[in-house]
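Undergrad: Would you mind keeping the following structure in view while I ask a few things?
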Amino acid sequence: MKATADVAASYPQDMVSAMARLAAGVSVVTVKHRGAVWGVTISSLISLSLHPPMVLFSLHDHSSMLERIDATRHFGISMLTAEQKDIATELARGDRGPLPDHWVQCSNGEVPWITGALAQLQVRKTGAMTLGDHVAITAQVVSSRWTDAAPLVYQLRGYRTLKEISPIR
Ligand SMILES: Cc1cc2nc3c(=O)[nH]c(=O)nc-3n(C[C@H](O)[C@H](O)[C@H](O)COP(=O)(O)O)c2cc1C
């Protein structure tokens, strides 16, 4: 049997290994701040409520995106296609700069999205709660658009896609 200290030390890593099995869609949060568009790759996006329509995602508590989101409260969330792995990789880098123009399209209200994404949400931040070392952000969905392209999926520390979208019989 493991001593208490060993259990405590190994627990977070065990949890990381367990959660790595969970396949998750890959999205990008985009926000316009001081004339430039900034983005970050996330896999924590979930649909939270239908009435009103709300989503939830989490960012680590020292994320550069928290201040940018707070400055405008209106931002975009783009679910990526399997063709957009390079965008996901770039926007997960800690030293990334603003997004290049050809990756971005903007709504009339200046909310940016990733061009050609699987689905795009225009949202308004409604709340934030620090939970552990992350901040859970809730946002109301103002508008939604989508395509039927193949999704980009992250599982077992690698990018994947679904070969075909078909029900299991
Ligand atoms: C597939 C994938 C999913 C990720 N999901 C999240 C997430 O949900 N929340 C988060 O804070 N970081 C997530 N990350 C890590 C961030 O993208 C990465 O740490 C980024 O550099 C954070 O930038 P920031 O410090 O400006 O927020 C994810 C990375 C990858 C590759």
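Undergrad: From the phi angles alone, apply the Karplus equation (6.51, -1.76, 1.60; θ = phi - 60°) to segment 73-88 and give each ³J(HN,Hα) in whole Hz, x where the residue is Gly or Pro.
TA: 3J(HN,Hα) across segment 73-88, in whole Hz: 6, 9, 8, x, 10, 10, 7, 8, 8, 4, 7, 10, 4, 5, 5, 4.
Undergrad: Which of His33, His60 comes first, and how do the rest follow, when ranked by fewest Cβ neighbours within 10 Å?
TA: His60, His33
Undergrad: Follow-up. Treat every Asp and Glu Cβ in segment 25-148 as -1 and every Lys and Arg Cβ as +1, leave all other atoms uncharged, and give the resulting dipole magnitude about the Cα centre to the nearest 20 debye.
TA: Dipole magnitude for segment 25-148 comes out near 280 debye.
Undergrad: Nearest 10 degrees is fine. How inclined is helix 4-19 to the longest principal axis of the chain, computing both from alpha carbons?
TA: Roughly 40 degrees between the two axes.
Undergrad: Separate question: For the chain, what is the calculated [θ] at 222 nm in deg cm²/dmol (nearest 500), taking -39500 (n - 2.57) for each run of four or more DSSP H residues and dividing by its residue count?
TA: -5500 deg cm²/dmol
Undergrad: Over the Cα atoms of the chain, compute the convex hull volume and normalise it per residue, giving Å³.
TA: Per-residue hull volume (Cα only) is 162 Å³.
Undergrad: Give the calculated FRET efficiency between Leu156 and Thr115 to the nearest 0.05, with a Förster radius of 22 Å applied to their Cβ-Cβ distance.
TA: Efficiency, from the Cβ-Cβ distance: 0.15.
Every read-out reported here was derived from the displayed coordinates using simple, explicitly stated rules and does not represent laboratory data. These figures come from a predicted structure and were not determined experimentally. Here the Cβ is made from the backbone with ideal geometry for all residues, glycine too, and neighbour counts use every protein chain on show.
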